[in-house]
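The structure appears right after this line, and notes come after that.
Taken together, the values in this text are just the output of simple stated rules run on the coordinates, not laboratory data. The structure presented is a predicted model; accordingly, all values stated were derived computationally and were not measured. Glycine also receives a Cβ, built like all others from the backbone with ideal geometry; neighbour counts cover every protein chain displayed.
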Amino acid sequence: MIVRSLGFWLCGVSTAFAQINHSLETDVQLELRGYTEDALLDAQEDYRAAVAMNPEWYMDWNGAQHSVTANAFARVDSADSERNHIDLRELHWQGVFDAWEVRVGISRVFWGRTELLHLVDTINQDDALENIDGEDKLGQPMLRLNYVYDTGGSTRLYVLPYFRERRFAGEGGRLRAPVPIDAKAVYESGAGQHHVDWAIRHQGWSGGLDYGIAWFSGTQRDPKFVPDEVRVDPGATALAVNSTSAGLIQQIALNSMGLLSPASGELVSLKAFYGQMDQLSIDAQYTSGSWLWKLEALWRDEYNRHAAGSNPAIIGRHRYSAATAGLEYSFYGVFDSASDIGVLVEYLWDERGLNGGSGFQDDVFLAARWAANDAWDSALLAGLVFDREVNSQFFSLEYSRRLSGQSKVSLEARVFHRISDEDHSFYPIRFDDYIQLEYNWYL
Amino acid sequence: MKPRLSKRILLLLLVLFSPFGFAQYESLSATEKGLAIAREADRRDEGWQDSSATMIMVLRNRHGQESSRQMRSKSLEVADDGDKSLIIFDEPRDVRGTALLTFSRKVGDDDQWLYLPALKRVKRIASSNKSGPFMGSEFAYEDISSQEVEKYRYTFLRDEKLNDVDCFVIERDPVDKDSGYSRQVVWLDKAEYRVQKVDYYDRKQSHLKTLTFYDYQQYLDKHWRANRLEMLNHQTLKSTSLNFQNYVFASGLDERDFNQSGLARMR
């Protein structure tokens, strides 16, 4: 509910502009998840129940020229204490001055076009504790200057003075690396978390084409991993973990690089390493009739020198490209009803290869989206990802419908099928198929 | 002085003749007359500049169960192309903050962007889905989009009284092949050229829906807007009423208020 009130403390301002709008809205979410297969490790739980709260407070004044937004997220989880977490998603002031927009504080930003992998979406760190789809993000402190052209395009400059580390599931959690990841990360930059990153992005449109081009310079958001603790076992020659890369969708835990463990020892824990990078990215969508054509591509120049010594699979200076491209076609009013069916195909490529990065190096994503267009907004999304190189398969099913004006229910199922042991991104989580029921209540 | 005088006389003649039997339409064919009426209705509403309003929709199924929607809409008049509009959703709560920006085109597909607040994502969407339901209601996207003269071919059908009001009855056939309708029959009152009723016929030529306009109110001494629209689907017996509140005209909105780069800050 938006409460409107006259701000008596703004007496100096003309009364037409003295109106202050503010609102407080809270989403409460209940989540029940069951894993359908026995866990890889004894400590991992088969069920979890969780509650989350997400209040957002907003206020604007001077005819919305100035606004302040605060958004917090808190989660309590029965199975994984690491997943009991709080994050300040947003806390920023924004001012609009003709064509200029200035934003200072913690915020979230989205870049990109494709549906499965948000390849060029760089600014915010993933909230990997929330979901594996890379769509939940941690708040990022920033100064953002945005110049908006009359044509609808805009140029944005971001200054990012503080880095948010990814957080990883704890012992009881599933969808994680088989060894714990130490809370203390290491950095390429001597400034660590205080390295000032920056980015510039221009976006616009012309006819059916929407496009964006961006440059990012600073700390890599995706961690790499180096050994933290190694238990020396003189007799052992076999390696407990001879390769760790688990990039499920947006790297649940480990990403990249066959991490070779020391010759005669067992890897007890890992440490996250954040290198530096310069990145050029483009993203585009062409819309024509019922067709959407989508593209994201990036060229990266990574600096990982401080990690290259402790994990030989990490390349000290690494230049590579990656891309994802696809299309979406919609059939309207199918089966003589109001329903729509959208069909999506996307191809994902990464120059680093099978175990070099995201795990999506030669993968195809096929999906169908059904929207009933009924009063409850019922919708179903069924998807399949398969790796053309090693034939690992991933299935996903999402259904949601509104229950009332204040509530909604969703069902989500994910299945990892025929995961090849060569596929280090998915192999550690091959037993983590799950089904989840979620209830959202909007206060 | 002379040309000015003759102009006055011309104007006087027009004023004298037009209220009596709409002399200007006399010599026209049914097609020409239909188009002339549509143009006149459009001309009479020109110059509204921009408008904003709160929209409340009540959806009813055949058992009378109701659910409601609440939105805020802003529109900008564009002289030589279709108008621009922005709809911000407030209810139901799961879609609160979602915003739909439309640059309508007189010919061809509109340009549409959707802002999804949970992802902070602005997404260009296919606008070819003209016949799809808007928010699960009985209003299709094409029913609530900007009604440009060029979107239809017209035929004058007859003069008729509707609830004791003298009306023109015209047929309009959508030009767009993606339209869900084969034709629409429209009643406009002769006094102010306001749409009073529309009968929609689906692609199979059967009577699909009827839209009735209630409580017309005049703004800026010129622009008529109905406060209530009732859409009844004869085939499913579902209905939707659409109520407009807090209409404001010419408040100084400009292109910058209808910009997809700024969608994320629309509240």
At q = 0.09, 0.12 Å⁻¹, work out log10 I(q)/I(0) for the protein assembly as shown with the Debye formula, treating every Cα as an identical point scatterer and leaving solvent out; two decimals please. -0.87, -1.39
Zone of A:L24 (label point 7 Å along Cα→Cβ, backbone N under 19 Å): which residues in the stretch A:408-443? A:441-443
Model label zone, A:A64; criterion: amide N under 14 Å from point 7 Å along Cα-to-beta-carbon; scope the stretch B:66-82: B:71-76
Averaging sequence separations of C-alpha pairs under 8 Å and six or more residues apart, then dividing by the length of the stretch A:284-443, give the relative contact order as a whole percent. 13
Just flag the GluC sites (Glu not before Pro) in the stretch A:343-396 sitting in loop per DSSP whose Cβ has no more than 15 other Cβ atoms within 10 Å. A:E351, A:E389
Loop only by DSSP, 11 or fewer other Cβ within 10 Å of the Cβ. Give me the trypsin sites (Lys or Arg not before Pro) in the stretch B:24-124 that pass, ordered by residue number. B:R62
Longest chain B segment clear of GluC sites (Glu not before Pro) sitting in DSSP loops (not H, G, I, E or B) with at most 11 other Cβ atoms within 10 Å runs B:47-267
Counting Lys and Arg as +1 and Asp and Glu as -1 over every other residue whose Cβ sits under 12 Å from the Cβ of B:V248, the net charge comes to +2
Cβ-derived FRET efficiency at R0 30 Å, A:R319 paired with A:R388, nearest 0.05: 0.80
Within 10 Å of each Cβ in B:125-131, the average number of Cβ atoms from other chains: 6
For peptide B:88-98, compute the average count of partner chain beta-carbon atoms within 10 Å of each residue's beta-carbon. 5
Quick one: what are the phi-derived ³J(HN,Hα) couplings along the stretch B:60-70, Karplus 6.51/-1.76/1.60 with θ = phi - 60°, whole Hz, x for glycine and proline? 10, 8, 5, 8, x, 6, 10, 9, 10, 10, 9
Of the listed pairs B:K106/B:K190; A:K408/B:K106; A:K294/B:K120; A:K137/B:K106; B:K161/B:K209; A:K137/A:K224, which have alpha-carbon separations greater than 30 Å here? A:K408/B:K106; A:K137/B:K106
Cut-off 13 Å, label point 7 angstrom out along Cα-to-Cβ of B:D202: give me the residues of the stretch A:332-373 whose amide nitrogen falls inside. A:333-339
Per residue of A:368-378, count partner chain C-beta atoms within 10 Å of its C-beta, then hand back the mean as an integer. 4
Long-range HN-HN contacts of A:N355 with modeled amide H, under 5 Å: none
Compute a Gaussian network model of chain A, connecting alpha carbons closer than 10 Å, and tell me which residue from A:V385, A:V28, A:V96 fluctuates the most. A:V96
Ranking B:K177, A:K271, B:K209 by Cβ neighbours within 10 Å, fewest first, what do you get? B:K177, A:K271, B:K209
Using a Cα-Cα cut-off of under 18 Å, which aspartates and glutamates could be cross-linked to A:K271, ignoring same-chain neighbours fewer than 8 residues away? A:E82, A:D126, A:D127, A:E165, A:E171, A:D182, A:E188, A:D222, A:D228, A:E229
Among A:L397, A:T36, A:H202, which residue has its Cα furthest toward the positive end of the charge dipole of chain A, with +1 on Lys/Arg Cβ and -1 on Asp/Glu Cβ? A:H202
HN-Hα couplings for the stretch B:148-156 via Karplus (6.51, -1.76, 1.60; θ = phi - 60°), in whole Hz with x for Gly/Pro, come out as 8, 4, 5, 6, 9, 9, 10, 9, 6
Run the numbers on the stretch B:149-244 and let me know its relative contact order in percent, using alpha-carbon pairs under 8 Å that are six or more apart. 15
For the stretch B:119-180, build the charge dipole from Cβ charges (+1 Lys, Arg; -1 Asp, Glu) around the Cα centre, then report which of B:I144, B:I125, B:C167 sits farthest towards its positive end. B:I125
Ratio Rg/Rh [Cα only; Rh per Kirkwood] for chain B: 0.99
So, relative contact order of chain A in percent, Cα under 8 Å, 6 or more apart, is 13
